[in-house]
1. Taking a 1.4 Å probe, which of A:W101, B:W149, B:W154, B:W361 shows the most accessible area, and what order do the others take after it?
2. When the Debye formula is applied to the Cα atoms of chain B, each taken as the same point scatterer, what base-10 log of I(q)/I(0) results at q = 0.11 Å⁻¹?
3. Taking all protein chains as present, what is the carbon and sulfur share of the accessible area of region C:74-155, in % to the nearest whole number, probe 1.4 Å?
4. When chain B is treated as a GNM, springs tying every alpha-carbon pair under 10 Å, which of B:N257, B:N49, B:N81 comes out with the largest mean-square fluctuation?
5. All other residues with a Cβ under 15 Å from the Cβ of B:R113 taken together, and with Lys, Arg as +1 and Asp, Glu as -1, what is their net charge?
6. For a quick check: with amide H placed at 1.01 Å from N, whose amide H comes under 5 Å from B:L391's, ignoring anything fewer than 5 positions away on the same chain?
7. How big, in percent, is the set of alpha carbon pairs in region B:291-401 lying more than 19 Å apart?
8. Can you flag which of A:K110/A:K187; A:K226/C:K100; A:K187/C:K127; A:K64/C:K100; B:K82/B:K127 are past 30 Å Cα-Cα?
Amino acid sequence: MGQNDMNNTNKIDQYRRRLLGGSAAAVAGLALAPGLILNTVQAKPAADAVSSKNRWGLLIDTTKCADGCSDCVTACNTEHGLRKIDHGLSESKSEAITSQWIRNVTLKNKSTGHTVNMPVMCQHCENPPCVDVCPTGASFKRDDGIVLVDKHICIGCRYCMMACPYKARSFIHEALTDQLAVAPRGKGTVESCTLCVHKVDNGDGTTACAEACTHGAITFGDLNDKSSLISKKLEMSGGRQLRAELGLNTGVRYQGL
Amino acid sequence: MKNIRYTSIEGNSLKFLGLLGVFGFFILLGFLAFLKMEHEGHWITGMNNQVIWGMPHIFAIFLIVAASGALNVASIASVFNKSFYKPLAKLSAVLSLALLAGGLAVLLLDLGRPDRLIVAITYYNFKSIFAWNIILYTGFFGIVGIYLWTMLDWQVEKYKRIAGTAAFIWRLILTTGTGSIFGFLVARSAYDAAIMAPMFVIMSFSFGLAIYILVLLASYRWTGRELGDVVITRLKNLLGVFIAATLYFSLVYHLTNLYATEHHGIEAFVLMKGGIITNMYWLGQIILGTLIPLALIYCPRPAKSNTMAVVASVLVILGGLASLYVILIGGQSYPMTLVPGYEASSTFADGAITVYSPSIWEFMLGMGGVAIALVIVTLAMKIFRLLPDSLSDKIADPHKS
Amino acid sequence: MFAQLAISIWLWVITNITVGLFVNIRQLSKVLLASAILLWSVGSFAASNYSGPNRDASGNIVPTPKGEKCVEPTADMRANHMEYLLHKRDKTMHEGIRTKQHSLVECIQCHVTPGEDGKVARITNEKHFCASCHRSASVTLDCFECHADRPAEYFSSELPHKDVFALNPALTTTPHVVLNRKVQ
């Protein structure tokens, strides 16, 4: 009975949402000149499941990534409520146990001295090693290509962290409280960049890092949609995968390497 | 061979209770460490986001690997039908079960969410070698348990050969699975090698037999039973073969890596520049764990046979722990290459070698696992008739005397 | 409540007399103790299930939530809330369905209880909506190890939003920035 009720309510909800969403979009469309909407990402209705029609990804233009800027890192930490817990440990120890979903990496060519700055986060692989090795299936890939940790069934074995070639994952080393609704996280489980999955599901069409980057170095978009900005940029100037030799087909691509 | 009488140990002496007390104390310490880690979270350990698996995993993997190796003596008796090893077989099976229990306890108690053990049992990702290992470990308990039953109960003795063969095959698969935990890791240059699986199998032969020799000697000496030189000499020589085979695999592993330029970094780190890792390899694994035991075993009797066997076995165990330290910690502290040809630096230890300093809690947990294994063996000797009254030369090898 | 208690006591007496016929006095004392503990726990669990709509097991009034009524009938929620939450959790986690119905965040948003100090009760406080029942029913829940136990509006001001890594400046400034500053 409960199940039936729920389905009905869900359907009603879904209907309402479609109606509201539709009218909201119409209002927005009226308010803005059509030409101004350059890179729209179509929002899915809230009650619909994600599908493999989309494959979300990021394109990072390292030539635009400014030296000394860490806006994307700060934005990610703020968005997800990531913060350092003071245990009275040494600075290096403390840093080694603090979660970092996105980090600034400086690369220096060993022979030429050429230096590159770039943010590194979960690369949202098509064939993620973390998903392969996870014993419980807590590490999984959504149909739209976003790789997540289902913390409800994560047992904290950290095998995924051993398997990730990008060191994208962090383990939560202490008890937490007052987590943000968009990023539930707790002691003894593994976490990583969610590609701002809450924003993607909400149809924001961007991520916190991409939004915060004033240099335009981060582009979010649908790799499956050939008309999307990210696909056009990739088509025009290409983009490298980190550790492409592993054949993981990452959802995050880099230009200028 | 006909007159072998198996008896349980009396287990009422003050010494016996004292032994249980010592093991109990270490189990208690291990449990305290578990509670502390569970309550505080893993920040109190030396493990972090760079060195993900630490001391508990070294202990756990050592015990699990040794568990399958400890079964060897029984396998030689039942599967290869060597009558010499038959009197030794029961202890061998019990020891392997005990070591596996100890190792798994450490592994499980180190989990970030040990309270979700039920999840580990009910949710399976069959592509994960880790999930396969869960099945292999539980299966090992079942199969070796049945095998032990066929050895203890004359009514089912006729199934001993089948059960023994099944257990032998299973333990080979089990250690292959344990080695593949590392062999299947494509990301890190120290792992991702098929040789990991057979190397772990051969390591298990060596570690398991070393522990077996120590437990056998201790139980005969402490209960005042007679243990002749023949048994120990035979086991000791077998240990020598296993030590040499382990050395061979380690050499092949490193030579293969040294040939490939892309692995020069990690090899230079482990073999030359790694500080404690390098010391652990050369001093721990090679000199203490391999060369000295080999010398002790194969040099013509520098001292009384038993003493040498004890020293060699202890060294093999220490060397084994050192070799797992090199594999686990060495493999993790060396940075992964993000973009070939470029040196990386970041706030997340990209391109940097991580220093791992284990905390006392990790040692306590690991030792707790060892104590669990030993307490199981000790109690099993009291409950079951595991060991022959005497293993004097006359009984062990009638042809010789 | 009283009927429940009376039946419990009656059953307890009967059981003990019956058992007493077969066992000696020393064992009887153990049985008495064991059965008393058993009955007490069963009784208190039952009481938590059957007490009136606005009272918890210890007779305290369960705080009235913000909204007019819950997303499902109260009895249904009492019996099946975990099923709804579990179902919803998997839908959200794996399929990205983020409707408000049966969402834990919405539960927490609505079921806010003041603690003794007048601030919102946390999960460690027995007045917290979830804790009030789960405590007396002795059912542990680990939802709040990952999810916030109070609405964000109560703690958002406490979050170090602007400077999340204030404790360690190294985390907000990458190494090369420090280098640049030195050069300047």
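1. B:W154, B:W149, B:W361, A:W101
2. Taken in order of the listed q values, log10 I(q)/I(0) reads -0.82.
3. Heavy-atom surface of region C:74-155 belonging to carbon and sulfur, 1.4 Å probe: 57 percent.
4. Among B:N257, B:N49, B:N81, the largest mean-square fluctuation in the Gaussian network model of chain B belongs to B:N49.
5. Taking every other residue near B:R113 into account, the sum is -4.
6. Placed amide hydrogens put B:E226, B:L227, B:G228 under 5 Å from B:L391.
7. Result for the distance tail: 72 percent.
8. Pairs exceeding 30 Å: A:K110/A:K187; A:K226/C:K100; A:K64/C:K100; B:K82/B:K127.
The values are calculated or read from the model by the stated rules, or taken from the named source; none is laboratory data. It should be emphasised that the depicted structure is a prediction, and the values quoted were computed from it without experimental measurement. Counting neighbours? That spans all protein chains shown, and the Cβs are built from the backbone with ideal geometry, glycine included. When the accessible area is computed, the model is the full protein with side chains, heavy atoms only, and any ligands, DNA or RNA have been set aside. Shrake-Rupley method; radii C 1.70, N 1.55, O 1.52, S 1.80 Å.
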